[in-house]
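This report refers to the structure that appears directly beneath it.
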Amino acid sequence: MVDSKHQWKAWLYLLPAIILLLIFTVWPIFNTVRMAFTVYWDAEAPAGFDEDGMQLCDENGNPLWGKYQGYTISKDLGNKKLADDDPAKVKFEFGLDNFIHVLTYDGFWTIMKNTVILCVLTVPLSTFLALLIAVCLNAIKPLQRVLQTIFFLPYVTNSIAIGMVFAAMFNIVGVNTTDVAASTSVGIVNTVLMVFGLDPINWINQGSTYWANIAVMVIYIVWNALPFKILILLGGLQSVNKQYYDAAKIDSTPKWRVFTRITVPLLSPMIAYVVITGFIGGFKEYTSIVGIFGEKMQPPGAAVGVPVLQTMVGYIYDNLGNAEGVASAAALLLFVLIFAVTLVNLGVSKKKTHY
Amino acid sequence: MAKQMKVLTEKDLQQVTVQQKIFKVLSQIALYTFLIVMAIIVIFPFYWMIISSLKSLAEYRLSIPTLFPKEIMWGNYLQAFQKAELLKLFKNTIIVGVVSTILSLVITIITAFAFARLEFKGKNLLFSMLLGTMMIPGELFTITNFTTITEFGWYKNPNWFEGYAVLIVPFLVSVFYIYLLKQNFMQIPNELYLAAKVDGTSDFKYLCKVMIPLSLPTLISITILKMMGSWNSYVWPRLVAHKDYYLITNGLRSAFTDAGSGEADIPVQMAAVTIVSIPLFLVFIFLRKYIMKGVSRSGIKG
């Protein structure tokens with residue numbers, strides 16, 4: 001019924017999207033792979049050294065060049081100096097140097113540690129809390145709508161803006177001020193702790209410990225992740241066939257058994273979904289850390305060098321503009337990591353999902 | 001003997017129902033207590049944001065925090081507007097939000113229409129490839145797009161056209177929105193389309209008169225999510241936009257950099273954060289249905 005002379009019309013409708021996708025989606029995919037695997041050789045002494053071959057350093061004393069197995073790899077595109085007798089001036093070659101650069105980066109283990117810790121703490125915690133809240137919400141009649149709205153509220157917020165609110169809540173106010181007249185408070189969170197007879201904690205200020213920082217991040221990320229998870233799980237609960245619950249009622253099955261033997265198995269596809277999206281979000285954590293700690297991604301006054309709360313995405317953005325090859329390699333690694341974790345999750349959930 | 005047993009059972013039954021009732025009431029109380037405590041925890045940061053934004057700095061620093069400001073300081077809001085240049089940021093955000101939403105809607109509609117109703121070679125393959133790109137993390141695109149827009153001469157360009165284009169153009173096509181709308185278009189019975197064809201209606205007229213009105217809820221969801229996206233975007237404008245074309249979130253973070261040093265004038269900072277958050281709350285209150293519907297199908301923030 002549709003003849004070939006109409007085909008060009010369809011392509012006309014698709015044209016704007018295809019052009020934009022070619023430029024901003026398809027080309028980046030190829031180019032990222034290309035840049036990640038390219039090593040750039042230059043006949044000139046690269047710009048990380050002065051004329052006498054002395055290494056140049058940035059204002060913090062970090063060398064502008066990384067060293068790898070006798071090669072000097074620049075921060076710029078990972079280029080290497082050509083041998084003096086090489087006739088070529090510039091040469092591009094396939095190589096894994098960018099990946100090696102990422103893997104040997106001082107902060108690589110910091111990144112992995114932060115990512116694993118944040119994922120392992122936030123994903124189970126937020127999923128469990130969301131499940132509990134969703135089940136409770138599903139079990140009540142009055143106020144259900146109001147509470148549902150309140151629980152969804154954190155979703156429609158700006159993660160930088162609310163990160164600043166969390167920072168203010170965990171902040172110790174006025175510790176550094178010379179203004180003696182102003183009273184100093186330890187912040188609302190610490191005040192609450194003191195009400196319960198606990199000592200105030202330095203959460204995010206100068207000299208705060210790594211685990212205090214992580215605790216703040218976990219609280220913020222869980223708070224941020226709850227609305228989406230509750231929405232998905234509650235939607236799942238409301239579509240569950242009531243027959244199973246009626247059968248359980250007749251058998252007078254205890255509530256806890258109903259929860260573990262009926263609710264969780266029936267919800268398992270939705271649980272798998274929120275766990276997978278939770279892991280993906282955990283691997284790409286960036287703006288929530290910037291919201292609380294600023295772009296330095298560490299408490300003020302911490303040592304120069306690798307930021308304490310560095311993440312993969314933070315590292316990619318650090319390299320943007322001066323070392324695209326390294327940034328590309330890092331982005332590809334991130335993609336592979338996310339893909340692998342998703343596959344593992346899917347594998348586990350296939351065994352556990354009851355559908 | 002048999003009679004006695006019957007009586008006992010009835011008594012037992014009565015006892016059981018009373019127990020069940022007590023248990024039910026108690027469990028309801030437990031449910032509500034848990035939910036309300038959680039709701040208070042969830043909502044507390046918003047309360048604290050608004051309360052702090054109305055306090056004077058001296059009151060904010062009291063060693064025992066007050067739960068309500070003694071003296072309401074509207075001046076904090078005025079200061080916030082001045083310090084963060086909020087008016088300029090609002091203007092930029094609204095321009096970028098509106099223009100990118102309109103253009104994005106047009107592209108999404110015609111693309112989804114082609115995929116849902118028109119026939120052409122390689123349709124399914126092309127659509128699967130589009131869906132495949134959704135798996136790739138956005139950071140991977142950012143790197144090359146950064147180079148591309150630099151080639152275009154859009155990088156931190158102070159001209160108005162380039163200044164806005166760099167924030168709008170790279171994000172005009174969203175595969176997810178196309179997918180969402182295509183699904184919606186497919187639900188409209190094909191008979192309607194064939195009937196229109198018989199009557200000699202053009203594809204374009206059919207799209208405008210039948211398909212768009214019938215999928216209005218999805219289009220509204222897309223509009224809200226897209227607007228929220230530009231309201232919340234942080235990383236891309238921060239990387240490539242000229243300072244004059246920063247969006248609201250960038251200005252917010254850079255005007256109050258030292259969040260953790262304890263030196264910042266937090267009431268003014270909270271006033272700025274409140275100003276940024278209020279429009280989102282209003283949109284949410286009035287259009288909750290559409291937002292939740294869109295979100296439950298995506299998991300994409302903005």
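Go through the range B:77-94 residue by residue and turn each phi into a ³J(HN,Hα) via Karplus (6.51, -1.76, 1.60, θ = phi - 60°); whole Hz please, and just put x for glycine and proline.
Rounded to whole hertz, the list is 5, 4, 4, 4, 4, 6, 5, 9, 6, 4, 4, 4, 5, 4, 4, 4, 5, 5.
Please give, to one decimal in nm, the separation of the simple spin-label points placed at B:Leu87 and A:Ile117, each 7 Å out from Cα toward the Cβ.
It works out to 4.5 nm between the two label points.
At a Förster distance of 51 Å, what's the computed FRET efficiency of B:Asn159 paired with A:Thr342, Cβ-Cβ distance as r, to 0.05? Don't skip to the end; give the middle numbers.
Numbers: r = 42 Å, r/R0 = 0.82.
Result of the calculation: an efficiency of 0.75.
Using protein chains only and a probe of 1.4 angstrom, how many square angstrom of A:Asp106 are accessible, to the nearest 10?
130
Evaluate peptide A:136-148: per residue, the Cβ atoms of other protein chains within 10 Å of its Cβ; return the mean as an integer. Don't jump to the answer; show the numbers that get you there.
Numbers: counts 7, 3, 0, 4, 4, 1, 2, 4, 1, 1, 1, 6, 4.
Per residue, the number of nearby Cβ atoms from other chains is 3 on average.
Considering chain B as a Gaussian network with a 10 Å cut-off on Cα pairs, which listed residue, B:Lys123, B:Lys197, B:Lys21, attains the greatest mean-square fluctuation?
Most flexible of the set in this elastic network: B:Lys21.
Quick check: the distance between the Cα centres of the range B:44-73 and the range B:126-179, to the nearest angstrom?
The range B:44-73 and the range B:126-179 have Cα centres separated by 42 Å.
Rg/Rh for chain B to two decimals, with Rh computed the Kirkwood way over all alpha-carbon pairs.
1.16
Suppose all protein chains stay in the model; what accessible area per residue would a 1.4 Å probe give for the range A:108-352, in Å²?
With the other protein chains kept in place, the range A:108-352 gives 42 Å² per residue.
Taking each residue of B:287-294 in turn, how many C-beta atoms of other protein chains fall within 10 Å of its C-beta, and what is the average? Spell out each step's value before the answer.
Working: counts 1, 6, 0, 0, 4, 9, 2, 0.
Per residue, the number of nearby Cβ atoms from other chains is 3 on average.
Enumerate the amide H contacts of A:Thr38 below 5 Å, restricted to partners 5 or more residues apart or on another chain; note that Pro and chain-start residues carry no placed amide H.
The list, which skips near neighbours in sequence, is A:Gly95.
Report the convex hull volume per residue for the range A:108-352, counting only C-alpha atoms, in Å³.
Working: hull volume 41.4 nm³, N = 245.
Dividing the Cα hull volume of the range A:108-352 by its residues yields 169 Å³.
Ignore the peptide's own chain and count Cβ atoms of other chains within 10 Å of each Cβ in A:127-134; give me the average, rounded.
1
Determine how large the accessible area of B:Thr249 is when every protein chain is in place; take a 1.4 Å probe and give Å² rounded to the nearest 10.
Accessible surface of B:Thr249 is approximately 0 Å².
How large is Rg/Rh for the range B:100-232, to two decimals, with Cα atoms and a Kirkwood Rh?
Values: Rg = 17.3 Å, Rh = 16.7 Å.
Checking Rg against Rh, the ratio lands at 1.04.
The values are calculated or read from the model by the stated rules, or taken from the named source; none is laboratory data. If you're wondering where the values come from, they're calculated on a predicted model, not measured in any experiment. Quick reminder, even Gly has a Cβ in these numbers, built from the backbone with ideal geometry, and neighbours come from all protein chains shown. Heavy atoms of the whole protein, side chains included, go into the accessibility calculation; ligands, DNA and RNA do not. Shrake-Rupley method; radii C 1.70, N 1.55, O 1.52, S 1.80 Å.
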